[in-house]
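Engineer: One structure is given below, represented as structure tokens, and several questions about it will come after.
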Amino acid sequence: MKTKQHKNVSKEIQSPKGMRDIMNEEYYNFQGFFEKAQEIAMYYGFKPIETPMLEYERVFTSGIGEGTDIVDKEMYTLKTKGEDALALRPEHTASLMRAYIEHGMQTMPQPVMLYQYGPIFRHDNPQRGRYRQFYQFDLDCLGNGKSILDALVIKVIMNILEEAGAQNLSVDINSIGDKECRHGYLKELTSYYRKHINSLPVIDRERLKTNPLRILDSKEIKTKEINENAPDSISFLCPSCKGHFSEVLEYLEEMNIPYNINKNLVRGLSYYTRTVFEIIEEKNEDGSLPLALAGGGRYDYLARQIGSKKDVPAVGVSIGVDRIIAAPWYKKLSPRIIKKPKIYFVQLGAEAKLKSLNVIEILRKAHIPITQSLSKDNLGSQLAAAEKLGVPYVLIFGLKEALSDSVIVRDMSNRSQDTIKLSKLLDYLKELK
Ligand code: AMP
């Protein structure tokens, strides 16, 4: 959650509820995760894309669909001065499909494989692990309906999670069919719930009107009981959806990916077709409940929902990054740019301060990171700072050194020191361990 506010700061100076500043260790944890995820995605041929954080609201209302929590309750919307209705993206998929259609990506070799990373906005009730601005990493294959792509995105996301430190992962998976078989299933499901309407909580009675599939993943205890005997979508699959689903499962078996068919898994959003899945961390040693770390599915009709004349079969997955980096097993992947400085640069006197940035530049060009306190003037306080950080070497640049183009290199382990010409400094540093 939010880091503690400084005690002297007024209550008016704070970030919006459910949104936080990402800094220090947490920033590096995010960056390290993203670099690893990006690297793995690239091995499989995924390319980067970054869509805007704002889209026309209709991209989400027609894409994700009304009757879903995201669109009905959780979207941040705004009217611009020019009366455009925009929304902060509550997920990546509809924006991605909008970009695919807008740029005529159907003329490229299919599938178009893209990854995307960035903030997502949902006006939900903040709690542990649930923010109003959070981060998702997505992988998507657009323009092809083959079952192997469903298996591919599952495999790649499992790899990413495992490289980040997750263990005991399994896939909760279901098929909710396509327009051929969904109709018959929905009819059966609706009539089942109608029979139980008097026992259904109000929220699920509403869903019966707008989006009956949503009742299947209801959190209401009463509904959960009713759901135990609800008709399941797999029994209604048409031959082609049945074939697709069994192929996906066969690929998972071939890769030894454990899965569990969860007939109540529907994943809220109205664009899903056929495969829906979540990657679950199985019960941990500490006894905590299984947690969904990533979720996705096929969305073959989304393109048409947002205005394309043709369907674009596609499949994708999203990882909730905030939850990964907060997990006790997270490996704290280091970003590539982070090198722990081995050198503390100390300067003394106006003449030396004047030339200090030139000396630091020699080191930067040689990719040697340093720590410094250029704004300090006193030798003792600079050395104390170096000592506190446990830096093994200190460069001391004073008047004498500034005039003779040299610098003192002090080994902090035994306090021994050498005076080295600046022109020889890089060679000298190379010899040090
Ligand atoms: P969804 O887009 O709802 O399927 O979520 C995909 C993943 O994003 C989930 O498995 C969570 O890990 C993460 N997630 C969803 N909502 C939030 C939130 N409000 N705050 C933090 N992470 C979230």
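Engineer: In the chain, carbon and sulfur make up what percent of the accessible area (probe 1.4 Å)?
Structural biologist: 53 percent
Engineer: Also: Beta carbons within 10 angstrom, averaged per residue: use that to sort the peptides 144-150, 173-179, 409-415, highest first.
Structural biologist: 173-179, 144-150, 409-415
Engineer: Oh, and also: Relative to the present Cα-Cα distance, how much length would full extension add between Leu426 and Met23 at 0.36 nm per residue of separation? Could the numbers behind the result be given before it?
Structural biologist: Details: separation 403, 0.36 × 403 = 145.08 nm, distance 3.24 nm.
Contour length minus the Cα-Cα distance gives 141.8 nm.
Engineer: Still on this structure: Nearest 20 debye, what's the magnitude of the dipole of region 343-431 about its Cα centre given +1 on Lys and Arg Cβ and -1 on Asp and Glu Cβ?
Structural biologist: Charge dipole, region 343-431, about its Cα centre: 120 debye, nearest 20.
Engineer: Keeping all protein chains in position, work out how much accessible area Met108 exposes to a 1.4 Å probe, and write it in Å² to the nearest 10.
Structural biologist: Using a 1.4 Å probe on the heavy atoms, I get roughly 90 Å².
Engineer: May I ask you to give the solvent-accessible area per residue for region 343-431, in square angstrom, as obtained with a 1.4 angstrom probe? It would help to have the intermediate numbers written out before the result.
Structural biologist: On the way: 5090 Å² over 89 residues.
Per-residue accessible area for region 343-431 comes out at 57 Å².
Engineer: Highest GNM mean-square fluctuation, the chain, Cα pairs closer than 10 Å: which of Gln31, Gln127, Gln136?
Structural biologist: Looking only at Gln31, Gln127, Gln136, the largest GNM fluctuation is found for Gln127.
Engineer: In degrees from 0 to 90, rounded to the nearest 10, what is the angle of the helix 147-163 Cα long axis to the longest principal axis of the chain?
Structural biologist: Value to nearest ten degrees: 40.
Engineer: Once you've got the GNM for the chain with C-alpha springs shorter than 10 Å, pick whichever of Tyr393, Tyr251, Tyr330 has the biggest mean-square fluctuation.
Structural biologist: The residue with the greatest mean-square fluctuation here is Tyr393.
Engineer: Can you tell which of Glu180, Glu83, Glu278 shows the greatest fluctuation in a Gaussian network model of the chain with Cα springs below 10 Å?
Structural biologist: Sorting by GNM fluctuation, first place goes to Glu83.
Engineer: Please list, or write none, the aspartates and glutamates whose alpha carbon is within less than 19 Å of the alpha carbon of Lys242, excluding same-chain residues fewer than 8 places away.
Structural biologist: Candidates past the 8-residue exclusion: Asp150, Asp172, Asp178, Glu180, Glu188, Asp232, Glu250, Glu253, Glu254, Asp300.
Engineer: Which shape class, rounded, prolate or oblate, goes with region 343-431 when its Cα gyration tensor gives a ≥ b ≥ c as root eigenvalues, a/c under 1.5 marks rounded, and past that a/b bigger than b/c marks prolate?
Structural biologist: The shape class here is rounded.
Engineer: I've got another one for you. In Å, what Kirkwood hydrodynamic radius results for the chain from the alpha-carbon pair distances? Please list the in-between numbers first.
Structural biologist: Working: mean 1/r = 0.0395 Å⁻¹.
About 25.3 Å for the chain.
Engineer: What's the extension gain from Asn264 to Tyr43 if we count 0.36 nm per residue and subtract their Cα-Cα distance?
Structural biologist: 76.2 nm
Engineer: Additional query: Leaving ligands, DNA and RNA out of it, rank Glu39, Glu247, Glu228 by accessible area with a 1.4 Å probe, largest first. Display every interim value, and only then the final one.
Structural biologist: On the way: Glu39 65, Glu247 85, Glu228 135 Å².
These residues rank, largest area first, as Glu228, Glu247, Glu39.
Engineer: How far apart, in nm, are the 7 Å Cα→Cβ label points at Leu389 and Glu253?
Structural biologist: Roughly 5.8 nm, to one decimal.
Engineer: Kindly flag which residue pairs out of Lys155/Lys331; Lys17/Lys331; Lys79/Lys179 have an alpha-carbon separation exceeding 30 Å in this structure.
Structural biologist: Lys79/Lys179, as the Cα separations exceed 30 Å there.
Engineer: Express the accessible area of region 117-205 per residue in Å², computed with a 1.4 Å probe while the remaining protein chains stay in the model.
Structural biologist: On the way: 3750 Å² over 89 residues.
Result: 42 Å² per residue.
Engineer: Using a simple charge model, +1 on the beta-carbon of Lys and Arg, -1 on the beta-carbon of Asp and Glu, nothing else, what dipole does the chain show about its Cα centre, in debye to the nearest 20?
Structural biologist: Approximately 1080 debye in magnitude.
Engineer: OK, next. What angle, in degrees between 0 and 90 and rounded to the nearest 10, separates the Cα long axis of helix 350-365 from the longest principal axis of the Cα atoms of the chain?
Structural biologist: Helix 350-365 and the main axis of the chain meet at about 50 degrees.
The values are calculated or read from the model by the stated rules, or taken from the named source; none is laboratory data. These figures come from a predicted structure and were not determined experimentally. Glycine gets a Cβ as well: all are built from the backbone with ideal geometry, and neighbour counts include every protein chain shown. SASA here: full protein model, heavy atoms, side chains in, ligands and nucleic acids out. Shrake-Rupley method; radii C 1.70, N 1.55, O 1.52, S 1.80 Å.
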